[in-house]
Amino acid sequence: MFREGARRAYFKNLDGLFPDFRPRATFNFDNHPHWFIGHMSKGKTKIMKRLKDVDVVLEVRDARAPFSSAQTDMLFDLGPEVKRLVILNKADLVTPTVGMQAQTLIEEAGTPCLLTNAAQNKNLVKIKNFAMDNCRSKYPRTLGLMLMVIGLPNVGKSTIINGLKSVAFSTARKQGKDSKLVSGMKWTQARAYGEPGVTRDVNFFQLANKPRLYCYDTPGVSLLKVKIDPERNTKLALLKTMPDHMAGEMYLADYLLYRLNKAQLFDYIDHLDLPGPTDDVRYLCSHVSALLAHRKQVQLYFSRPTDGAKFFIEQFREGHLGKLCLDHIPGPDEMRKLRQLRTQAEPPGPWGPPCYPSAPLGLELDDLRNPKSGMK
């Protein structure tokens, strides 16, 4: 039970052993989850005040939703002297091909991008290299370089700060007693527990002494609700940028099952000891809750599907049900068509269209600092 990385069911489907199974063509978005609480509004105000002192903005996104998890509400006021780096965190939970495609699209739009796995300190040293090679400190004799992490809740901002400090201390140990990299620094870590809303205030951390490197840790600020796009917030809820009860465990499990079947990722069949693929989320969750009760050797008089839904969702978040990217990654032809439509369209206005042809959220065809500018 719960074997990791099982691919047997996927190849069964390719061989035609599930010929009668037809996944749902559409999903009924009858819920629009949203989460915006008091500390986010206060944190947003503090972030905007401190942006004037920052040399580098690290925008952290979840690689499983590289466009939907973009923090687009607070980046229009960046000055030309502030450098921006997009960090696609948790890149180990998507395939390398998908990760590289998303990185290429973001870089082609004019924004540097980096794939990381902060939980294992992978590629974090490149963040420091980017800051040192591309930025000039506003206060070189006193403070040094100032960084700030910005992003949605629970995308790994605090984990990245802890990882950067861990890398600095590890490098100092290898350099020996004469190393001044972390001289006088305290081993103070940011709070990171894998839950949304843990960081509730703007905190300040030193990442290195020579060269001097500091970073603001900021609270995750949720995006404003878009009534015409309920799927965006459903994706974000599935990635745990908000508490599960805000969307409903059964609703999230149903959406996850829909996406896994649509992508033909049938790892969940072997992983959950199912006889075959299914579109019935209540059957799946009742089956899982019964298996959990059997494993705990508890006599079950009635099943609680929500327990099975929670387990099902957590298995996906830990990467046991396959590597699924929730965002559509446009191909070169699609991007060429989007840019062509943007060029040919009349400017928005009273006599023109209400807006430019839409692009995926987080994939800016124009310069984010100047929304009215032309294409790159």
Subject >> Cα gyration tensor, the stretch 23-90 - rounded (a/c under 1.5), prolate or oblate >> reply: oblate
Original post:
Distance in nm between label sites at LYS180 and ASN203, each 7 Å beyond Cα in the beta-carbon direction?
Top reply: 2.9 nm
Original post:
Among rounded, prolate and oblate, which fits the stretch 212-340 when a ≥ b ≥ c are the square roots of the eigenvalues of its C-alpha gyration tensor, a/c under 1.5 means rounded, and a/b larger than b/c means prolate?
Top reply: prolate
Subject >> Sparsely packed trypsin sites (Lys or Arg not before Pro) within the stretch 209-313, loop by DSSP, other Cβ within 10 Å at most 16 >> reply: LYS225, LYS227, LYS296
Original post:
How would you order 109-117, 176-184, 27-35 from highest to lowest mean count of nearby Cβ atoms within 10 Å?
Top reply: 109-117, 27-35, 176-184
**OP:** Return the carbon/sulfur percentage of the accessible area of the stretch 137-277, one whole number, probe 1.4 Å, all protein chains in place.
**Re:** 49 percent
Original post:
At a Förster distance of 30 Å, what's the computed FRET efficiency of ARG336 paired with LEU224, Cβ-Cβ distance as r, to 0.05?
Top reply: 0.50
Original post:
For the stretch 178-293, what is the charge dipole size about the Cα centre, in debye to the nearest 20, if Lys and Arg each add +1 at the Cβ and Asp and Glu each add -1 at the Cβ?
Top reply: 820 debye
**OP:** Whole number in Å², please: accessible area per residue of the stretch 151-265, 1.4 Å probe, ligands, DNA and RNA not counted.
**Re:** 44 Å²
Original post:
Under a 5 Å amide H to amide H cut-off, with H placed in plane at 1.01 Å, what residues pair with LYS122 once short-range neighbours are removed?
Top reply: ASN117
**OP:** Express in nm, to one decimal, how much length is gained between LYS122 and GLU195 on full extension, taking 0.36 nm for each residue of separation and deducting their alpha carbon distance.
**Re:** 24.2 nm
**OP:** Find how many whole Å separate the alpha carbon centroid of the stretch 57-114 from the alpha carbon centroid of the stretch 167-233.
**Re:** 17 Å
**OP:** Determine the shape class of the stretch 97-168: with a ≥ b ≥ c the square roots of the Cα gyration tensor eigenvalues, call it rounded for a/c under 1.5, and otherwise prolate if a/b is greater than b/c, oblate otherwise.
**Re:** oblate
Original post:
For the peptides 159-170, 83-94, what is the packing order when you average, over each peptide's residues, the other Cβ atoms within 10 Å and list the highest mean first?
Top reply: 83-94, 159-170
Original post:
Among THR234, ASN203, LEU252, whose Cα lies farthest out toward the positive end of the dipole of the stretch 203-295, if unit charges sit on the beta carbon of Lys, Arg (+1) and Asp, Glu (-1)?
Top reply: ASN203
**OP:** Can you tell me which of 96-107, 38-49 comes out highest on packing, and rank the rest after it, using the mean Cβ neighbours within 10 Å?
**Re:** 96-107, 38-49
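The values are calculated or read from the model by the stated rules, or taken from the named source; none is laboratory data. Quantities reported herein were computed from a predicted structural model and do not represent experimental measurements. Neighbour counts run over all protein chains shown; Cβ positions are idealised from the backbone, glycine included. Calculation scope for accessible area: heavy atoms of the full protein, side chains included, ligands and nucleic acids excluded. Shrake-Rupley method; radii C 1.70, N 1.55, O 1.52, S 1.80 Å.
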